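The values are calculated or read from the model by the stated rules, or taken from the named source; none is laboratory data. Please read these numbers as outputs of a predicted model, since none were measured by experiment. Neighbour counts run over all protein chains shown; Cβ positions are idealised from the backbone, glycine included. Surface accessibility is based on the protein's heavy atoms, side chains included, excluding ligands, DNA and RNA. Shrake-Rupley method; radii C 1.70, N 1.55, O 1.52, S 1.80 Å.
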Amino acid sequence: MNLTILGTGNAAVTKIYNTCFVLQEGKDCFLVDGGGGNTILSRLEEAGVSLNDIRTIFVTHKHMDHLFGILWVMRMICQKMTKGAITHDVTLYAHDELITLLRDLTKTLLPGKHARFLDEKLHLIEVKDGEKKEILGRETTFFDIHSTKAKQFGFTMQLGNGEKLTCCGDEPYNEADEAYVKDSTWLLHEAFCLYSQADKYQPYEKHHSTVKDACELAERLHVKNLLLYHTEDDTITQRKELYGREGSAVYQGNLFIPDDMETFEL
Ligand SMILES: [Zn+2]
């Protein structure tokens, strides 16, 4: 299975795209969040992911930098369904508030000929905290990250051989989710900026963490591979080096600071 990070930025970035990614098993793709707009379409194209290959979508929360790209993906999938270019069913998972919001938005914004596929072939399915689904043939458990801002879910996916990939969304780890995060083979976690630049970026005011915070957490919870995203983009040309240096000082595992469009074999 391949993981392609379509975007690595926080909400306000201009040099890179907002955080979203796709998991790919052969031609079967699982899209997680959509970034803030139409750029998702070119990112998917660049990643070699056809809209026809996206069978499953998950949206973590309702913030614009995660949601609006999903509206574009839904629009284009419905358009293809109208033309008969997509004949299979597509499933979008999210928590209750988000499902209601997405249904309202798409029914309002999409033309009737596209919107008629909602709940008919494009299924909007609510998931609850702790609920399991099979995605890409793997058991996937969704969990509430206990956000203080907008209700947000992450997920953990069993990769086989006792390995698992866990996505904590775009806010710091909460102790309530220890069972999901601990011993993850891959952990996808946000890092708004360097700890050494916390005074400049004020990550804690925005309920975000720093590179050092995320790396200390990964060390404590025995995470094998830590991937950091949802960052600022001022330091983009030196981000790998600067973040890597700060993180490696406190974390013994494999630390990845991907650029947009980097792919990982899991
Ligand atoms: Zn965000």
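Roll a 1.4 angstrom probe over the protein heavy atoms and tell me the percent of accessible area of segment 197-266 that is carbon or sulfur.
Looking at segment 197-266 in its full context, I get 47 percent from C and S.
Taking Cα atoms of segment 3-118, Rg/Rh with Kirkwood Rh, to two decimals?
0.94
Among the aspartates and glutamates, which fall within straight-line cross-link reach of residue 132, defined as a Cα-Cα distance under 14 Å, with same-chain neighbours fewer than 8 residues apart omitted?
List returned: 144.
How large is the dipole of segment 89-148 about the Cα centre if only Lys and Arg carry +1 and Asp and Glu carry -1, each at its Cβ, rounded to the nearest 20 debye?
Around 340 debye, computed over segment 89-148.
Please state, as a whole number in µm²/s, the translational diffusion coefficient that the Stokes-Einstein equation yields for segment 78-161 at 4 °C and 1.567 mPa s, with Rh defined as the Kirkwood radius across alpha carbon pairs.
Translational diffusion coefficient: 90 µm²/s.
List every residue whose amide H lies under 5 Å from the amide H of residue 58, counting only residues 5 or more places away in sequence or on a different chain, with H placed 1.01 Å from N in the peptide plane.
31, 32, 33, 93
In percent, how large is the relative contact order of segment 1-129, given Cα pairs closer than 8 Å and 6 or more residues apart?
It comes to 20 percent, rounded to a whole number.
Against the longest alpha carbon principal axis of the chain, how many degrees, from 0 to 90 and to the nearest 10, is the axis of helix 211-220 turned?
Around 90 degrees separate the two axes.
Counting only protein heavy atoms and using a 1.4 Å probe, what share of the accessible area of segment 64-127 belongs to carbon plus sulfur, as a whole percent?
Roughly 55 percent, rounded to a whole number.
Which Cα, out of 253, 197, 230, lies furthest along the positive dipole direction of the chain (beta carbon charges, K/R +1, D/E -1)?
Towards the positive end, the residue furthest out is 230.
If the label point is 7 Å along Cα→Cβ of residue 259, which residues in segment 1-23 have backbone nitrogen under 19 Å from it?
Once the point is set 7 Å along Cα→Cβ of residue 259, 3-10, 13-22 turn out to lie under 19 Å by backbone N, inside segment 1-23.
For the chain, state the average projected area of the convex hull of the C-alpha atoms over all orientations, rounded to one decimal in nm².
12.9
What angle, in degrees between 0 and 90 and rounded to the nearest 10, separates the Cα long axis of helix 64-82 from the longest principal axis of the Cα atoms of the chain?
Relative to the chain, helix 64-82 is tipped by roughly 30 degrees.
Report the percentage of all Cα-Cα pairs in segment 122-237 whose separation exceeds 19 Å, rounded to a whole percent.
48
Peptides 72-80, 111-119, 255-263: what's the order by average Cβ count within 10 Å, highest mean first?
The packing order, highest mean first, is 72-80, 255-263, 111-119.
Between residue 131 and residue 119, what length in nm is gained on full extension when 0.36 nm per residue of separation is reduced by their alpha carbon distance?
Here the answer is 2.3 nm.
Please work out the average accessible area per residue across segment 1-125, using the 1.4 Å probe convention, and give it in Å².
Averaged over the residues of segment 1-125, the accessible area is 39 Å².
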